[in-house]
């Protein structure tokens with residue numbers, strides 16, 4: 001039995017109020033899944049028109065074949081227990097390939113009920129393409145397509161202020177809404193669309209900055225037979241996702257009345273500023289990942305799940321999060337209790353038995369990751385407490401040792417910029433293993449301002465602490481060195 005509107009007896013078609021650029025696993029298991037819940041629990045009564053963002057795509061034909069239906073399977077820790085559950089998402093009304101159906105695409109702009117635009121066209125999607133033109137041929141870039149559609153809507157409704165749209169991009173770049181609007185206005189200028197159109201963009205439309213968070217592995221190609229047996233029907237677009245999700249939307253207060261997320265019980269936050277939430281995610285989730293990797297890998301572990309469940313390493317990472325990272329996050333918009341609640345969810349995500357997240361996949365470009373994700377916590381903790389955060393310092397020490405490229409008898413396949421790898425190669429080849437030799441190496445690393453944007457040797461006690469940690473790792477091994485802190 002195949003999934004379609006004939007076999008899914010609860011099928012319903014809703015008024016088309018959302019235009020969605022992107023048809024990939026993430027949007028379907030994140031935004032569309034939540035819209036479906038709002039339809040079912042909060043009478044949102046909203047359908048989605050999906051736009052294929054690239055000229056080539058394989059998802060749209062499958063969505064059409066399945067009448068816009070697909071299954072989201074959630075796997076992870078929920079209520080302290082590993083849970084698997086699934087639901088059919090029924091909110092996509094139709095799909096358009098604008099490269100073949102450009103007129104039909106522009107006609108969507110003439111729908112008076114259209115209210116929202118959602119997108120996920122990858123981090124590279126919100127970009128200006130100088131080759132895009134306004135005419136009867138589809139633009140290549142997402143901002144170009146959206147500019148053309150907004151101009152069509154502006155013309156059709158004679159610039160009515162109540163026909164503006166709320167644009168909610170989900171691309172993983174900072175200030176995504178602002179950047180999208182900036183590019184649209186650039187197109188408006190280059191295409192000579194007029195000052196009235198630019199004023200309408202500014203006054204009638206809302207561009208929201210967002211933060212999105214959910215791990216979506218996607219289609220389970222390795223065990224699709226098993227999944228199909230569990231579902232009882234064939235679905236070519238099954239999307240696997242973790243239980244945890246968070247959608248932070250920075251926008252005006254009227255959005256609370258238009259998006260019934262609270263009524264639907266969704267983990268969506270409508271806020272005045274997305275920045276503290278982005279900082280929270282980067283410092284706690286991503287920071288814990290980066291701090292964990294060198295210690296856990298040198299300890300002999302392979303995955304995040306193993307590390308989180310490990311008696312020693314699990315304790316180490318929890319203490320980094322709760323005792324060192326959270327105390328360094330001081331913001332009136334997010335309470336310490338809220339930070340701890342988020343941290344609890346992070347630990348559950350790390351322990352997810354259904355996701356095998358390899359430490360070495362996180363180790364890519366570890367130096368720049370530590371600088372953006374962990375160094376701010378180390379610096380702020382030191383400023384607030386007047387002392388060094390011992391475990392973050394040990395993580396940095398382990399990271400420097402990690403770049404020696406050896407774990408026991410095996411070579412570590414380091415992956416970073418060539419200049420970083422060459423820098424470490426030279427340092428470790430010329431290090432004699434004495435305290436003096438290691439200190440010289442540490443001074444070189446901490447003083448490399450191209451990485452840190454500052455000279456870390458100036459932080460009182462840091463050079464000495466890292467030197468001592470690395471000497472202990474070299475002479476005693478990571479397990480004994482960790483015991484000493």
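The values are calculated or read from the model by the stated rules, or taken from the named source; none is laboratory data. Not measured: the values here are computed from a predicted model. So basically every Cβ, Gly included, is an ideal-geometry build from the backbone, and we count neighbours across all protein chains shown.
Looking at 236, 181 in this structure, which one is buried (at least 16 other Cβ atoms within 10 Å of the Cβ), in contact (Cβ under 8 Å) with a residue 60 or more places away in the chain and on the phi < 0 side of the Ramachandran plot?
Details: 181 fails: in contact (Cβ under 8 Å) with a residue 60 or more places away in the chain.
Just one listed residue meets the conditions, 236.
May I ask you to say which residue of 93, 87, 119 is surrounded by 18 or more Cβ atoms within 10 Å (Cβ to Cβ) and closer than 23 Å to residue 217 by Cβ?
Working: 93 fails: closer than 23 Å to residue 217 by Cβ; 87 fails: surrounded by 18 or more Cβ atoms within 10 Å (Cβ to Cβ).
From the options 93, 87, 119, the qualifying one is 119.
Residues of the range 219-232 include none that is crowded, with 18+ Cβ neighbours inside 10 Å, touching a residue at least 12 places away in the same chain (Cβ under 8 Å) and not in a helix (DSSP H, G or I).
With respect to the stated conditions, residue 242 is under 25 Å from residue 341 (Cα atoms) and in the same structural domain as residue 40 (by TED's automatic domain parsing).
Every listed requirement among (1) under 30 Å from residue 73 (Cβ atoms); (2) not assigned by TED's automatic domain parsing to the domain that holds residue 123 is met by residue 231 save one, (2).
In the range 406-418, the residues that are surrounded by 13 or more Cβ atoms within 10 Å (Cβ to Cβ) reach residues that are assigned to a strand (DSSP E or B) with C-beta atoms within less than 8 angstrom, at least six apart or across chains, in these pairs: 412/406. Against the test of being farther than 24 Å from residue 63 by Cα and either at pLDDT 95 or above or part of a loop (DSSP other than H, G, I, E, B) (or both), the options 125, 135 yield a single qualifying residue, 135.
The set of residues in the range 329-361 being over 22 Å from residue 379 (Cβ atoms), in contact (Cβ under 8 Å) with a residue 12 or more places away in the chain and out of contact with any strand residue (DSSP E or B) (no Cβ under 8 Å at 6 or more places or on another chain) consists of 345, 347, 350, 360. Taking the range 133-176 as the range and being out of contact with any strand residue (DSSP E or B) (no Cβ under 6 Å at 6 or more places or on another chain), more than 15 Å from residue 198 (Cβ to Cβ), touching a residue at least 60 places away in the same chain (Cβ under 8 Å) and crowded, with 21+ Cβ neighbours inside 10 Å as the test, the residues that pass are 145, 149.
Would you confirm whether any residue within the range 102-118 is over 14 Å from residue 19 (Cβ atoms) and either under 30 Å from the mean Cα position of the chain (by Cα) or modelled with pLDDT of 95 or more (or both)? Talk me through it step by step, then tell me what you get.
Taking the range 102-118 as the starting set, the residues that turn out to be over 14 Å from residue 19 (Cβ atoms) are 102-103.
Retained after the next criterion (residues that are either under 30 Å from the mean Cα position of the chain (by Cα) or modelled with pLDDT of 95 or more (or both)): 102-103.
Taking every residue of the range 102-118 in turn, at least one turns out to be over 14 Å from residue 19 (Cβ atoms) and either under 30 Å from the mean Cα position of the chain (by Cα) or modelled with pLDDT of 95 or more (or both).
Within the range 252-271, the set of residues being closer than 18 Å to residue 33 by Cα and touching a residue at least 24 places away in the same chain (Cβ under 8 Å) comprises 258, 259, 260, 261, 263, 264, 265, 266, 268.
Restrict the check to the range 296-309 and report whether at least one residue is within 18 Å of residue 396 (Cα to Cα) and surrounded by fewer than 16 Cβ atoms within 10 Å (Cβ to Cβ). Checked the range 296-309: at least one residue is within 18 Å of residue 396 (Cα to Cα) and surrounded by fewer than 16 Cβ atoms within 10 Å (Cβ to Cβ). Within the range 53-72, one or more residues are modelled with pLDDT under 95, in contact with a strand residue (DSSP E or B) (Cβ under 6 Å, 6 or more places away or on another chain) and surrounded by 21 or more Cβ atoms within 10 Å (Cβ to Cβ). Select from the range 376-417 the residues that are in contact with a strand residue (DSSP E or B) (Cβ under 9 Å, 6 or more places away or on another chain) and under 14 Å from residue 481 (Cβ atoms) and list them in ascending order. Those that are in contact with a strand residue (DSSP E or B) (Cβ under 9 Å, 6 or more places away or on another chain) and under 14 Å from residue 481 (Cβ atoms): none in the range 376-417.
Please tell me if residue 312 is in a helix (DSSP H, G or I) and over 21 Å from residue 383 (Cα atoms).
Working: in a helix (DSSP H, G or I): yes; over 21 Å from residue 383 (Cα atoms): yes.
It is true that residue 312 is in a helix (DSSP H, G or I) and over 21 Å from residue 383 (Cα atoms).
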